[in-house]
Amino acid sequence: AGANANAAAAHAASGPPPVGTMVTSLPPGCSTSVLNGVEYQRCGSTYYQPHMAGSNLVFVVAQP
């Protein structure tokens, strides 16, 4: 998970992380959006879907 978080941080400067990237925390300024009955966290133009990885909450970049 650390490598994915580092990859997401590296992509932050060059654009949104690719779909499927898992991060452990969201950037500031996100809001909840429900599209087609599915809850996402929308951060700018990037959508994250919450998932559980064991007992940890993680967010996966999604294309709603």
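For segment 26-35, taking the residues that are touching a strand residue (DSSP E or B) at 6+ places or on another chain (Cβ under 8 Å) and in a loop (DSSP other than H, G, I, E, B), the one that is surrounded by the fewest Cβ atoms within 10 Å (Cβ to Cβ) is identified as 29. For residue 59, the conditions (1) modelled with pLDDT of 95 or more; (2) of a type in the set (A, V, I, L, M, F, W, C); (3) open to solvent by 60 Å² or more (accessible area, probe 1.4 Å) all hold with the exception of (3). Within segment 47-64, residues that are on the phi > 0 side of the Ramachandran plot reach no partner that is among the aromatic types (Phe, Trp, Tyr) with beta carbons closer than 9 Å at six or more positions or on different chains. Output the residues belonging to segment 36-56 that are in contact with a strand residue (DSSP E or B) (Cβ under 8 Å, 6 or more places away or on another chain), open to solvent by 60 Å² or more (accessible area, probe 1.4 Å) and of a type outside the set (Lys, Arg). Selection gives 39, 51, 52.
The values are calculated or read from the model by the stated rules, or taken from the named source; none is laboratory data. Being a predicted model, the structure only gives us computed values, none of them experimental. Here Cβ is always computed from backbone atoms with ideal geometry, including for glycine, and neighbour counts include all displayed protein chains. When the accessible area is computed, the model is the full protein with side chains, heavy atoms only, and any ligands, DNA or RNA have been set aside. Shrake-Rupley method; radii C 1.70, N 1.55, O 1.52, S 1.80 Å.
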